[in-house]
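S.K.: Please find one structure pasted underneath; my questions will follow.
The values are calculated or read from the model by the stated rules, or taken from the named source; none is laboratory data. From a predicted model like this one, the values you see are computed outputs, not experimental measurements. So basically every Cβ, Gly included, is an ideal-geometry build from the backbone, and we count neighbours across all protein chains shown. Heavy atoms of the whole protein, side chains included, go into the accessibility calculation; ligands, DNA and RNA do not. Shrake-Rupley method; radii C 1.70, N 1.55, O 1.52, S 1.80 Å.
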Amino acid sequence: MRMHLPILVVAASLLALNSAANPAAAQRPRVPAGPGGGGGTDSAGVPAVQKVSTTKHTVMLNGTEIAYTAHAGTMVVRDENGKPNGSVFFIAYTRDGQDKAKRPLTFFFNGGPGSASIWLDMGLMSPKYPEMAPGGTQPAPPYNLVDNPNSPLDVTDLVQIDAMMTGYSRPGTGVKASEFTGDRNDIRMFAQFIRNYLDEYDRWASPKYLFGESYGTFRSAGLADELQSNEGIELNGIMLLGTVLDFQLISPTPTNDVAYASFFPSYTATAWYHRKLSPELQGKSLEQVVKESRDYAFGDYLVSLGRGNKLTPAERSKVAEQVARLTGVSPQFVQNTNLRIDAGTFRTELLRDERQTLGRYDSRMIGLNGNATSTRPDYDPSDVAPTGAFMTAFMRYLHEDLDYRSDLQYYMGGHTGRWEYSSAGRGFPSEIEALRTAMAKDPYLHVMVGAGYYDLATPFANAEYTFDHLGFDQTYRDRVDFKYYESGHMAYLNQASARQLKKDIAEFIGSTRVLTTSAQ
């Protein structure tokens, strides 16, 4: 853990999202600890300047040559008195020859908190990306930069935004980074950038979308409310990938049983993939075993956990047998965990006899521990897979194609320092109510939720539980569309999933544009 947080609840929540070395969802490489106990700094920044490089390009998408303009650089943000207090790095890809009033515009960003948006950019959005090994596994260096057939640039213009102290985004001279960090400050900065971008590039009339990954989903929910309430900006849709809107659902503790249920179906999917289930279950499809696991996790399993020490030995044994059946581990192991398996322990236990550990961001990927008896993995193989290739490809693309250079270091992550939550002292960080409010005020706002079956960082069942409890009114659930991928947290690393994700984005934007147009 590389940041000092105000209460243990928040620390535990972030640990669930950002454990170990993690440039995939949190996407923050290890850095030395800075002031305040975090891996960042609160020292004064650099002069706030607007510096943008504009270049012209073409790319083949779906058999059509797409001409586009790229803007790469920094945009100045200002304090409440209008004084420049920071510069935000962004890359915009806009298709040439389009009517701005009809052309969709998608702002996208990664998570952390404290991660640059290089991951979504290089993994999915950019017209060029690194060539990965089969299944999204780690390629051998040096890395190839090739055309990206899955970029959604043919259906929407795209704007990458880097949070403060990530990428080349920096506070202005004499301004502390802490003025931009924490959930409220971060959301306000993103809202101001979006408003400024709409002004600068005349995009107020465009259909508008957000696409967030990991903590970026948490930000998206709060940002929708902030844009609506304080900037007068309504969105056509929000796309989420690797969703976490309430940290309670990914923070298992002895008194927070629902989080154990949230991870449970992902354990089943993982065991099915590695062929560790019984022949009866292995003979079923992934969707079938997941359904059985989900029904049990949020039914009898959660009821049993809720009884705690009131369970009789016979009842405990019965639960352990069923948990073992659906997760591929032994009944004795389940008993030893008090019927409550955390993700880190599961990753070391499932393939222990083969001396292999599982990836956290993609549990299909395997690694090796130095000590096969350990209950925690030495590293995450699904974490290290994209890092070198993404960074190399991104810097090549930035320098050689987008003609942008900076004297600053591009921060992939790990430099934001202290991160405060407005909910500190009142429970787990959550933006569910912010999203509900935004959807209540705007009946045309729709949400697409993308979920990987093999994601052990933000498990798909946590997102399902979240939206099953959103507003307790069918009008909300009718506007939420779930999409599932046979992939991990970063669905776009797997080419088959990337193609499906691109298709789902195109269909979501097309359907929400039709809804909005017909309502006018």
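S.K.: Please find, among 111, 167, 123, the residue that is of a type in the set (Gly, Ala, Ser), over 25 Å from residue 485 (Cβ atoms) and within 23 Å of the chain's Cα centre (by Cα).
M.R.: 167
S.K.: Of all residues in the range 303-342, count the ones that are assigned to a helix (DSSP H, G or I), under 16 Å from residue 268 (Cα atoms) and open to solvent by 40 Å² or more (accessible area, probe 1.4 Å).
M.R.: So the count comes out to 4.
S.K.: Sticking with this structure for a sec: Given the condition in a helix (DSSP H, G or I) and free of Cβ contacts under 8 Å to residues at least 60 places away in the same chain, answer yes or no: does some residue in the range 131-149 qualify?
M.R.: Yes, that holds for at least one residue.
S.K.: Out of the residues in the range 119-149 that are polar (S, T, N, Q) and farther than 17 Å from residue 381 by Cβ, state the one that is surrounded by the fewest Cβ atoms within 10 Å (Cβ to Cβ).
M.R.: Applying the filter and picking the extreme gives 144.
S.K.: Have a look at 288, 228, 282 and point out the one that is within 26 Å of residue 443 (Cβ to Cβ) and either polar (S, T, N, Q) or at pLDDT below 95 (or both).
M.R.: 228
S.K.: Give the range 250-262 a look and list any residue that's open to solvent by less than 10 Å² (accessible area, probe 1.4 Å) and either among the hydrophobic types (A, V, I, L, M, F, W, C) or part of a helix (DSSP H, G or I) (or both), or say none.
M.R.: Scanning the range 250-262 gives 250, 259, 261, 262.
S.K.: Condition first: open to solvent by 20 Å² or more (accessible area, probe 1.4 Å) and of a type in the set (A, V, I, L, M, F, W, C). Now tell me which residues in the range 450-486 satisfy that.
M.R.: Answer for the range 450-486, where residues must be open to solvent by 20 Å² or more (accessible area, probe 1.4 Å) and of a type in the set (A, V, I, L, M, F, W, C): 472, 482.
S.K.: Additional query: Does at least one position in the range 371-385 carry a residue that is of a type in the set (D, E, K, R), buried (at least 22 other Cβ atoms within 10 Å of the Cβ) and part of a loop (DSSP other than H, G, I, E, B)?
M.R.: Yes - at least one qualifying residue is present in the range 371-385.
S.K.: Moving on. Checking residue 199 against (1) under 26 Å from residue 225 (Cα atoms); (2) in a loop (DSSP other than H, G, I, E, B); (3) of a type in the set (Asp, Glu): exactly one of these is not met. Which one?
M.R.: Evaluating residue 199 over (1) under 26 Å from residue 225 (Cα atoms); (2) in a loop (DSSP other than H, G, I, E, B); (3) of a type in the set (Asp, Glu) leaves (2) as the failure.
S.K.: Identify, by number, the condition in (1) open to solvent by 60 Å² or more (accessible area, probe 1.4 Å); (2) in contact (Cβ under 8 Å) with a residue 24 or more places away in the chain; (3) of a type outside the set (D, E, K, R); (4) under 23 Å from residue 135 (Cα atoms) that residue 368 doesn't meet.
M.R.: (2)
S.K.: For residue 204, which of the numbered conditions (1) open to solvent by less than 10 Å² (accessible area, probe 1.4 Å); (2) part of a loop (DSSP other than H, G, I, E, B) fails to hold?
M.R.: Residue 204 satisfies all of (1) open to solvent by less than 10 Å² (accessible area, probe 1.4 Å); (2) part of a loop (DSSP other than H, G, I, E, B) except (1).
S.K.: Quickly run through the range 399-410 and pick out the residues that are within 30 Å of residue 222 (Cα to Cα) and open to solvent by less than 40 Å² (accessible area, probe 1.4 Å).
M.R.: Once the filter is applied, which keeps residues that are within 30 Å of residue 222 (Cα to Cα) and open to solvent by less than 40 Å² (accessible area, probe 1.4 Å), the range 399-410 yields only 410.
S.K.: Residue under question is residue 278, and the condition is that it be over 20 Å from residue 489 (Cβ atoms), in contact (Cβ under 8 Å) with a residue 40 or more places away in the chain and either open to solvent by 10 Å² or more (accessible area, probe 1.4 Å) or of a type in the set (Gly, Ala, Ser) (or both); does it hold?
M.R.: yes
S.K.: Suppose the filter is within 22 Å of residue 53 (Cα to Cα) and either among the hydrophobic types (A, V, I, L, M, F, W, C) or surrounded by 19 or more Cβ atoms within 10 Å (Cβ to Cβ) (or both); does residue 114 pass it?
M.R.: Against the criterion (within 22 Å of residue 53 (Cα to Cα) and either among the hydrophobic types (A, V, I, L, M, F, W, C) or surrounded by 19 or more Cβ atoms within 10 Å (Cβ to Cβ) (or both)), residue 114 does not qualify.
S.K.: Does residue 512 satisfy the criteria of being more than 26 Å from residue 273 (Cα to Cα), among the polar types (S, T, N, Q), open to solvent by 10 Å² or more (accessible area, probe 1.4 Å) and more than 14 Å from the chain's Cα centre (by Cα)?
M.R.: no
S.K.: I'd like the full set of residues that are outside any loop (DSSP other than H, G, I, E, B), surrounded by 19 or more Cβ atoms within 10 Å (Cβ to Cβ) and not hydroxyl-bearing (Ser, Thr, Tyr), limited to the range 161-187.
M.R.: 161, 167, 170, 171, 177, 183, 186, 187
S.K.: Which condition does residue 233 not pass, out of (1) in a helix (DSSP H, G or I); (2) open to solvent by less than 10 Å² (accessible area, probe 1.4 Å); (3) farther than 30 Å from residue 454 by Cα, if it passes all the others?
M.R.: Only one criterion is unmet by residue 233, namely (1).
Results for (1) open to solvent by less than 10 Å² (accessible area, probe 1.4 Å); (2) assigned to a helix (DSSP H, G or I); (3) among the charged types (D, E, K, R); (4) closer than 16 Å to residue 163 by Cβ, shown as yes or no for each residue.
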| position | (1), (2), (3), (4) |
| --- | --- |
| 211 | yes, no, no, yes |
| 224 | yes, yes, no, no |
| 228 | no, yes, no, no |
| 240 | yes, no, no, no |
| 248 | no, yes, no, no |
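S.K.: In the range 345-365, how many residues are more than 12 Å from residue 267 (Cβ to Cβ) and either open to solvent by less than 10 Å² (accessible area, probe 1.4 Å) or out of contact with any Phe, Trp or Tyr (no Cβ under 6 Å at 6 or more places or on another chain) (or both)?
M.R.: 12
S.K.: I need the full set of residues from the range 372-397 which are closer than 21 Å to residue 358 by Cβ, of a type in the set (S, T, N, Q) and in contact (Cβ under 8 Å) with a residue 40 or more places away in the chain, in order please.
M.R.: Once the filter is applied, which keeps residues that are closer than 21 Å to residue 358 by Cβ, of a type in the set (S, T, N, Q) and in contact (Cβ under 8 Å) with a residue 40 or more places away in the chain, the range 372-397 yields 382, 387.
S.K.: Failed condition for residue 135, given (1) touching a strand residue (DSSP E or B) at 6+ places or on another chain (Cβ under 6 Å); (2) modelled with pLDDT under 95, with all others met?
M.R.: Status for residue 135: all satisfied but (1).
S.K.: Another question, then. Return yes or no: is residue 104 closer than 23 Å to residue 224 by Cβ, crowded, with 17+ Cβ neighbours inside 10 Å, touching a residue at least 12 places away in the same chain (Cβ under 8 Å) and of a type outside the set (D, E, K, R)?
M.R.: When the stated conditions are applied, residue 104 passes them.
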